[in-house]
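Peer 1: Okay, handing you the structure first.
The values are calculated or read from the model by the stated rules, or taken from the named source; none is laboratory data. Owing to the predicted nature of the structure, the values given are computational and were not obtained by experimental measurement. Using ideal geometry, Cβ is built from the backbone for each residue, glycine included, and neighbour counts are taken over all protein chains shown.
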């Protein structure tokens with residue numbers, strides 16, 4: 001009889017996991033899954049940010065090439081000390097009323113309203129801006145980031161009139 005009672009106790013213990021063991025297992029799995037989700041989210045955001053910067057640089061390089069093409073004459077409109085962009089047909093489009101580079105935050109707040117239409121939403125996202133001062137061109141691309149907030153990429157290019 002004592003033997004039967006011992007076997008019964010062993011059977012009771014081996015019936016399954018206790019509720020505490022199940023809760024601990026669920027907690028560990030949840031922590032692992034949340035950590036994985038956070039890592040994937042951050043990686044996706046980093047990739048998207050990299051893609052935005054890469055596309056902005058490509059568009060700025062196009063602006064540099066357009067300015068180089070227009071800069072062969074010393075009387076070219078690219079050599080004025082004002083802000084402008086070059087549209088898709090190769091025409092210099094001046095910014096009227098803009099004498100200093102607005103801060104990125106003020107551009108975002110104003111939804112880039114001071115930008116001429118052909119300089120806004122280039123490639124449906126980027127706002128282009130070029131400035132010439134003392135032989136140096138500064139090219140800007142500004143945009144509303146897909147993840148929120150704003151961002152900017154700039155290139156500096158030195159070129160003398162007539163070259």
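Peer 1: If only one of 131, 111, 81 is without any contact (Cβ under 8 Å) to a residue 60 or more places away in the chain, assigned to a loop (DSSP other than H, G, I, E, B) and under 17 Å from residue 161 (Cβ atoms), which one is it? Spell out how you get there, then give the answer.
Peer 2: Numbers: 131 fails: assigned to a loop (DSSP other than H, G, I, E, B); 111 fails: under 17 Å from residue 161 (Cβ atoms).
Answer to the check: 81.
Peer 1: Give me the pairs, please: first residue somewhere in the stretch 42-55 and in a helix (DSSP H, G or I), second residue anywhere and surrounded by 11 or more Cβ atoms within 10 Å (Cβ to Cβ) and at pLDDT 90 or above, beta-carbon distance under 8 Å, and either six or more positions apart or on two chains.
Peer 2: Matching pairs, first to second residue: 49/151; 52/143; 52/151; 53/151; 53/153; 55/126.
Peer 1: Identify the single condition in (1) assigned to a loop (DSSP other than H, G, I, E, B); (2) under 30 Å from residue 42 (Cα atoms); (3) free of Cβ contacts under 8 Å to residues at least 12 places away in the same chain that residue 146 does not satisfy, given that it satisfies every other one.
Peer 2: With (1) assigned to a loop (DSSP other than H, G, I, E, B); (2) under 30 Å from residue 42 (Cα atoms); (3) free of Cβ contacts under 8 Å to residues at least 12 places away in the same chain applied to residue 146, the lone miss is (3).
To keep it simple, each residue is scored yes or no on (1) within 20 Å of residue 61 (Cβ to Cβ); (2) modelled with pLDDT under 90.
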{"position": "116", "(1), (2)": "no, yes"}
{"position": "122", "(1), (2)": "yes, yes"}
{"position": "126", "(1), (2)": "yes, no"}
{"position": "134", "(1), (2)": "no, yes"}
{"position": "141", "(1), (2)": "yes, no"}
{"position": "147", "(1), (2)": "no, yes"}
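Peer 1: Of the conditions (1) under 26 Å from residue 89 (Cβ atoms); (2) within 20 Å of the chain's Cα centre (by Cα); (3) not in a strand (DSSP E or B), residue 118 satisfies every one except a single condition; which number is it?
Peer 2: Just one mismatch for residue 118, condition (2).
Peer 1: How many residues are free of Cβ contacts under 8 Å to residues at least 12 places away in the same chain and over 22 Å from the mean Cα position of the chain (by Cα) if we restrict to the stretch 97-108?
Peer 2: Going residue by residue through the stretch 97-108, those that are free of Cβ contacts under 8 Å to residues at least 12 places away in the same chain are 100, 103, 106.
Narrowing further to those that are over 22 Å from the mean Cα position of the chain (by Cα): 100.
Residues that pass the stated criteria total 1.
Peer 1: Quick one: is residue 90 in contact with a strand residue (DSSP E or B) (Cβ under 8 Å, 6 or more places away or on another chain), at positive phi and modelled with pLDDT of 85 or more? Outline the logic, then answer.
Peer 2: Details: in contact with a strand residue (DSSP E or B) (Cβ under 8 Å, 6 or more places away or on another chain): no; at positive phi: yes; modelled with pLDDT of 85 or more: yes.
Considered against the rule, which asks whether it is in contact with a strand residue (DSSP E or B) (Cβ under 8 Å, 6 or more places away or on another chain), at positive phi and modelled with pLDDT of 85 or more, residue 90 comes out as no.
Peer 1: Also: Kindly indicate which of 119, 85 is buried (at least 18 other Cβ atoms within 10 Å of the Cβ) and out of contact with any helix residue (DSSP H, G or I) (no Cβ under 9 Å at 6 or more places or on another chain). Show your work before the answer.
Peer 2: Details: 85 fails: out of contact with any helix residue (DSSP H, G or I) (no Cβ under 9 Å at 6 or more places or on another chain).
Going through 119, 85 in turn, the sole match is 119.
Peer 1: Hey, another quick one. If you scan the stretch 63-76, which residues turn out to be assigned to a helix (DSSP H, G or I) and crowded, with 16+ Cβ neighbours inside 10 Å?
Peer 2: 63, 64, 66, 67, 70
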